[in-house]
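Here is the structure we will look at.
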Amino acid sequence: MKKSELAIAEPSLAPSHGSTIGDFSMFRGGEIQPNDARCVVTQDQLKAAVAADEARLRDTAVSACRGMLAEATESVERYAESHGKTVKAFGWVWEDDGSTGWEIELASMLCECPEHCRLNNAELAILVAKRMGLPAPLSSKRFSKPMSQKSITEVQRILAEHGKDGSTVAAATDIKRALTRTKRESPTEFLAAGCKLDGRLYKYRRRERAATGKPHNDLCIRIAGADVPLIAVLALRGISIGQFIAADAKALSQCAPEDLAERESSVRPARIAKSLRELQECVRQTAADHLALRTRTAEILSRNPFLPEGAAMASAFIQSRRP
């Protein structure tokens, strides 16, 4: 029975589950060889059979090309060996389905439409295939395979243009992670009375040191119970002093009056450094102790006029140490 003469069964004649009545094995020279004289094939089954046969032919062609390339590389090596040289020849054959550079298209698509990051790999594969005009969706397994260095470089460039960090991108799945991670983490934001790190507000505090008139030196923020100098925060966040000064000036020009008042209270001249305060307190305490010791010694000598002054002072010192 010629393929052009094949009668397609009416829906009423086909089985309810869509199978054939009879069977056929394969195409041979444009003919279908039935295994049963009563062979009736539905339209969908015919299309599936044609597609399967074409796929087998493509696979056969690709295998033949690989065999031809293997023979060619062997010929090259034999020719070099006949001329006293030893070489190794390599080559690759793959079926070009038009999807070359699909990772770059994926990065562009996700940067343009960040909401697509919520889709799974299979859904993204369908969208990328439509974007590239491919006849069939890409396999979702390709998302976990390492990208070429050329693709990685191009993807990182696209992410950088959209303010995203692509330094960790190695496979297509990393593109989505980079976008969602950057979306979750907000940049450092400077306000009049504090700064925001990853979306959390930290109020400015005065550092316990002599004031210099420079906010990056005079201010600090409290993290986990410790005062961290603002200059250290800038270094950890990769922000230069010039960038901070510009951002701080912009924040001061746009802040509310209450924020400005809070900022002024934070940057007023700092108190004496902690070590100097402790030294002053120690000096005051020493002077008070010495005065108390002299007073106690005088009281002991008044009661015992014949007692040596050194003995009286020793006795007064011992008494001062008693609880």
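General observations
- Criterion applied to Lys214, Lys203, Lys145 was being within 30 Å of Ala107 (Cβ to Cβ) and not hydroxyl-bearing (Ser, Thr, Tyr), and the one residue passing it is Lys145.
- Residue within the range 104-120 that is of a type in the set (S, T, N, Q), surrounded by 14 or more Cβ atoms within 10 Å (Cβ to Cβ), part of a helix (DSSP H, G or I) and at pLDDT 90 or above present: yes
- Some residue of the range 91-99 being of a type in the set (S, T, N, Q), more than 22 Å from the chain's Cα centre (by Cα) and not in a loop (DSSP other than H, G, I, E, B): no
- Those residues of the range 155-179 which are surrounded by fewer than 18 Cβ atoms within 10 Å (Cβ to Cβ) and of a type outside the set (A, V, I, L, M), in sequence order: Arg157, Glu161, His162, Gly163, Asp165, Ser167, Thr168, Thr173, Arg177
- Checking each residue in the range 137-154 for being more than 12 Å from Thr173 (Cα to Cα), in a helix (DSSP H, G or I) and touching a helix residue (DSSP H, G or I) at 6+ places or on another chain (Cβ under 6 Å) picks out Ser151, Glu154.
- Any chance Leu260 is among the aliphatic types (A, V, I, L, M) and buried (at least 16 other Cβ atoms within 10 Å of the Cβ): no
- Where a residue in the range 78-104 is within 17 Å of Met147 (Cβ to Cβ) and its partner, wherever it lies, is hydroxyl-bearing (Ser, Thr, Tyr), with Cβ under 6 Å and at least six apart: Glu103/Ser151
- Here Gln43 fulfils each of the conditions (1) loosely packed, with under 14 Cβ neighbours inside 10 Å; (2) polar (S, T, N, Q); (3) under 19 Å from Lys145 (Cβ atoms) apart from (3).
- Residue within the range 126-143 that is surrounded by fewer than 17 Cβ atoms within 10 Å (Cβ to Cβ), hydroxyl-bearing (Ser, Thr, Tyr) and more than 20 Å from Ala55 (Cβ to Cβ) present: no
Here's the yes/no breakdown for (1) touching a Lys or Arg at 6+ places or on another chain (Cβ under 6 Å); (2) of a type outside the set (D, E, K, R); (3) more than 30 Å from Thr180 (Cα to Cα):
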{"residue": "Asp59", "(1), (2), (3)": "no, no, yes"}
{"residue": "Ala64", "(1), (2), (3)": "no, yes, yes"}
{"residue": "Leu69", "(1), (2), (3)": "no, yes, yes"}
{"residue": "Ser82", "(1), (2), (3)": "no, yes, yes"}
{"residue": "Asp96", "(1), (2), (3)": "no, no, yes"}
{"residue": "Gly101", "(1), (2), (3)": "no, yes, no"}
{"residue": "Leu119", "(1), (2), (3)": "no, yes, no"}
{"residue": "Glu123", "(1), (2), (3)": "no, no, no"}
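- Filter pass, Leu69 being farther than 30 Å from Lys164 by Cα, assigned to a helix (DSSP H, G or I), outside the structural domain of Lys145 (by TED's automatic domain parsing) and in contact (Cβ under 8 Å) with a residue 24 or more places away in the chain: yes
- Members of the range 52-66 that are closer than 18 Å to Asp96 by Cα and aliphatic (A, V, I, L, M): Ala55, Leu57, Ala61, Val62, Ala64
The values are calculated or read from the model by the stated rules, or taken from the named source; none is laboratory data. These numbers come from a predicted model, not from an experiment. All Cβ positions, even for glycine, are placed from backbone atoms using ideal geometry, and neighbour counts span all protein chains on display.
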